[in-house]
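The values are calculated or read from the model by the stated rules, or taken from the named source; none is laboratory data. What you are looking at is a predicted structure, and each value in this text was computed from that prediction instead of being measured. Reconstructed Cβ throughout: ideal geometry from the backbone, glycine too, with neighbour counts over all protein chains shown. SASA here: full protein model, heavy atoms, side chains in, ligands and nucleic acids out. Shrake-Rupley method; radii C 1.70, N 1.55, O 1.52, S 1.80 Å.
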Amino acid sequence: MGEGTHEDLRRLAVWLARRREVDEVLEALTRYGPTANERVAGHLEALEVMLDAEREAYRRYAEAAPRLAQHPLPAVLPEDTEAPPATVHSLLAARLVRGS
């Protein structure tokens, strides 16, 4: 693996870590329904900081990513469209299979 590939993987790992942090915090804040809105509203500034960090990590990854043909994500295809072979793998699904 070349140096550029390691840096590309590092950028991807940073973005995924930031994305995971946001998901984990939101999962905790929205647990147990009725008070979720108040909990989220009480943390808007902290969430904004986290989302900004995630957006910046994604921007850095996207700027350096190789330019490849783009594929639609299976989750956002119109219902009458046959999905192409899977090219996207869910980290959440993988974690659930592992039992993490």
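Brief remarks on what is shown
- From 16, 47, 9, residue being out of contact with any Ser or Thr (no Cβ under 6 Å at 6 or more places or on another chain), open to solvent by 60 Å² or more (accessible area, probe 1.4 Å) and in a helix (DSSP H, G or I): 9
- Cβ-Cβ under 9 Å pairs, at least 6 apart or on other chains, the range 39-53 side within 17 Å of residue 18 (Cα to Cα), far side of a type in the set (Asp, Glu) and open to solvent by 50 Å² or more (accessible area, probe 1.4 Å): 50/21; 53/21
- Members of the range 49-100 found to be at pLDDT 70 or above and acidic (Asp, Glu), listed by number: 52, 54, 56, 63
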